[in-house]
Structure formats: C-alpha cells, structure tokens
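Have a look at the structure below, then the notes.
The values are calculated or read from the model by the stated rules, or taken from the named source; none is laboratory data. From a predicted model like this one, the values you see are computed outputs, not experimental measurements. So basically every Cβ, Gly included, is an ideal-geometry build from the backbone, and we count neighbours across all protein chains shown. Side chains are part of the model used for accessible areas, which takes the heavy atoms of the whole protein and leaves out ligands, DNA and RNA. Shrake-Rupley method; radii C 1.70, N 1.55, O 1.52, S 1.80 Å.
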Amino acid sequence: MEVDAETGQVKILKMVVAQDFGRAINPKLCVSQIYGGVEFGVGFALTEEGIYDRETGKLLTNNLHQYRMPTSVDFPPVESHLVEMEDPYFAYSAKGAGENVNAPTPAVIRNAIYNAIGVWFNDLPMTPKRS
C-alpha cells in the first residue's frame, strides 16, 4: 500500500486473499467471487459514499459521476488462494462463495493505511478529508 502524505491518496499495490471454499467445484468461478469481493471492499473502503439530503432523505450522489465506484484503474492485482478442505456438513464439501471477501477488505485497508501513515479511520469511505 502506498499513501501520498501530501494528498492522502491511497494506492493498493497488491491484495492477497485466501478463502475456505470447502471443495471448489468450479475454481474459476471461485476466483471470480474473490475478485468481486475485493472490488466491493475497495469501493466501500475508499470511494463509494451515499450522500443524502438531511431534510428530504433524497440520495444526492445518484449517478456514477458522483457515486464513485472502483474501475479497472483502481483495482489492485489480486493473488487468490482457494483453501479446500473436506466438510461432512455440506453437500460435496462445497461451501458458499458469494462475496465472502468484501467484509474484511475495508478493515485490511484501514490497517494498511494506519501502518503507512499512523492515522486511524473510523468512517467509510476513508478519504483524505476524513483524516
């Protein structure tokens, strides 16, 4: 992770992800699920922010110009590791693979930012104006 101390811009250099799939029946699909979870987590952590009008409750960031989601330019290289173990409680030992990575990703990014510049963030997205 790189953080520009002057601008506060964050650049994720690489993500390493390991997920327990039980038995990966379709490994390509499992890797795609990991990528989707990382993309969701990166957006949630760094760019995506729903801003609402306090009086009406209307969403003010209602288009993709204002509600910034990660693009391929923002997406870090991802090293995926499929962890496979027999599990007698699941059919064919296969476990769910739907977006399990998106929950820990913002926390990982938060810790990496702290390690880089010594600033803890308590709100998402973690933007320079919130430091």
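For region 85-131, give me each residue that is under 27 Å from Ile51 (Cβ atoms), hydroxyl-bearing (Ser, Thr, Tyr) and open to solvent by 70 Å² or more (accessible area, probe 1.4 Å).
Tyr114, Ser131
Filtering region 5-51 down to residues that are of a type in the set (D, E, K, R) and assigned to a strand (DSSP E or B), which residue is farthest from Trp120 (Cα to Cα)?
Asp20
Anything in region 34-67 that is under 23 Å from Phe21 (Cβ atoms) and open to solvent by less than 50 Å² (accessible area, probe 1.4 Å)? List them, or say none.
Ile34, Gly36, Gly37, Val38, Gly41, Val42
Output the qualifying pairs, or none if there are none: Cβ atoms under 6 angstrom, residues six or more apart or on different chains, first residue in region 81-103 and at negative phi, second residue polar (S, T, N, Q) and at pLDDT 90 or above.
Glu86/Ser93; Asp87/Ser93; Ala97/Gln33; Asn100/Gln19
For residues that are in contact with a helix residue (DSSP H, G or I) (Cβ under 9 Å, 6 or more places away or on another chain) and surrounded by fewer than 11 Cβ atoms within 10 Å (Cβ to Cβ), scanning just region 3-17, find the one that is modelled with the highest pLDDT.
Filtering first and then ranking leaves Thr7.
Among (1) farther than 17 Å from Val3 by Cα; (2) open to solvent by less than 80 Å² (accessible area, probe 1.4 Å); (3) in contact with a helix residue (DSSP H, G or I) (Cβ under 9 Å, 6 or more places away or on another chain); (4) assigned to a loop (DSSP other than H, G, I, E, B), which single condition is Asp74 missing?
If we test Asp74 against (1) farther than 17 Å from Val3 by Cα; (2) open to solvent by less than 80 Å² (accessible area, probe 1.4 Å); (3) in contact with a helix residue (DSSP H, G or I) (Cβ under 9 Å, 6 or more places away or on another chain); (4) assigned to a loop (DSSP other than H, G, I, E, B), just (1) comes out false.
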